[in-house]
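Structure first, then comments.
The values are calculated or read from the model by the stated rules, or taken from the named source; none is laboratory data. The shown structure was predicted, so the numbers you read here are calculated from the model rather than taken from an experiment. Here the Cβ positions follow ideal geometry from the backbone for every residue, glycine too, while neighbour counts run over all protein chains shown. All accessible areas refer to the heavy atoms of the entire protein, side chains included, with ligands and DNA or RNA removed. Shrake-Rupley method; radii C 1.70, N 1.55, O 1.52, S 1.80 Å.
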Amino acid sequence: MDRPVAVITGATSGLGRIAAFELARQGYRIGAVTRSRSKAEALVTDLKEVTDAPVDVFHADLGLTAHARRVGEEIAAYYPRLDVLINNAGLHAFAQRVTAEGFADMTAVNYLSPFVLTGALAARLGASAPARIVNVASEASQQAKTIAPAEDLRRTGPYSRRESMTLYGRTKLMTIMWTQELARRLDAGKVTVNCCDPGFNATGLGRDLPGSAVLQRVLNTLRIGDPRKGAGIIVRLATDPALGRTSGGYFSVRDARPLQCPEPGRDPRVQRELWDETVALLAARRSAG
């Protein structure tokens, strides 16, 4: 493969789709991790109309960590090199759903599966140095005023629509914390990892929210929440030579301004605790079958 390779989760819609098109235009071969086969087919068709960049599709339900591990192993076996991994897929659920593995759906999609997928691809990324990992976080992380890793990872109780923002924000806080702990564990000369706040985007407003489709059309008409800006910071972190040696950063959609991890998760000791609890939780799940 003579092209650089970028693997993107959530590439069939929203920010991920726009980022996939931009990276394809820059010459990247696209690996799209997707749950929907029909959306994947549409992505491939649409990409072929505007670029000759190859696109490969890998199917997985990222609500299940077993799927994340399996698809990561498939990707690592398929590509001889991997230049960029973008963990973009996300979910804001307005009522609790517990996965077949016993995890809260938002926790699984937004945090656990990206953690597992990245782990499954770590060796391939390292062997492809220099390589980059980009994790999509959110300004909603500021809504999480506390973090207790052992309890929050296992939290599966019911919640209201109003309470959902705090829980969504906590999964995005975990994303930032994990990014910064992973950066300390990687050789930045080989693999960098950064995350971003893509700002408010009129896309993916939450499939559980009544009227979300209508609201999205109104926002698009008014040009509020332009997803091209959010996709822009993702692509910049994936490709900008000026950021090639930067690792462990959290960047704003506004001119890639550096941001601090929100206070509940800023301490490296708490970040390490989250990492250790995540590893133990996932190991216990695998042992349970």
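Here the condition is being in a helix (DSSP H, G or I), open to solvent by 20 Å² or more (accessible area, probe 1.4 Å), of a type outside the set (Phe, Trp, Tyr) and in contact with a helix residue (DSSP H, G or I) (Cβ under 9 Å, 6 or more places away or on another chain); of GLU163, GLU73, GLU101, it holds for GLU73 alone. Across segment 244-272, the qualifying residues are those that are open to solvent by 80 Å² or more (accessible area, probe 1.4 Å) and among the charged types (D, E, K, R), and the one among them that is farthest from LEU173 (Cα to Cα) is ARG245.
Number of residues in segment 56-70 that are within 13 Å of VAL109 (Cα to Cα), among the hydrophobic types (A, V, I, L, M, F, W, C) and open to solvent by 20 Å² or more (accessible area, probe 1.4 Å) equals 3. ARG70 meets all of the listed conditions (1) out of contact with any Lys or Arg (no Cβ under 9 Å at 6 or more places or on another chain); (2) touching a residue at least 24 places away in the same chain (Cβ under 8 Å); (3) not β-branched (Val, Ile, Thr) but one, namely (2). Would you say ALA53 is open to solvent by less than 20 Å² (accessible area, probe 1.4 Å) and either more than 18 Å from the chain's Cα centre (by Cα) or modelled with pLDDT under 95 (or both)? For ALA53, the condition - open to solvent by less than 20 Å² (accessible area, probe 1.4 Å) and either more than 18 Å from the chain's Cα centre (by Cα) or modelled with pLDDT under 95 (or both) - is met. Restricting segment 105-155 to residues that are touching a Lys or Arg at 6+ places or on another chain (Cβ under 6 Å) and not in a helix (DSSP H, G or I), the residue that is surrounded by the most Cβ atoms within 10 Å (Cβ to Cβ) is ALA137. Scanning segment 223-243 for residues that are buried (at least 16 other Cβ atoms within 10 Å of the Cβ) and within 22 Å of ASP187 (Cβ to Cβ) gives LEU237, ALA238, THR239, LEU243. Scanning segment 18-39 for residues that are open to solvent by less than 60 Å² (accessible area, probe 1.4 Å) and either closer than 15 Å to GLY232 by Cα or part of a helix (DSSP H, G or I) (or both) yields a total of 6.
PHE200 fails exactly one of the following numbered conditions: (1) at pLDDT 95 or above; (2) within 27 Å of ARG17 (Cβ to Cβ); (3) not in a strand (DSSP E or B). What is the number of that condition? Condition (1) is where PHE200 drops out.
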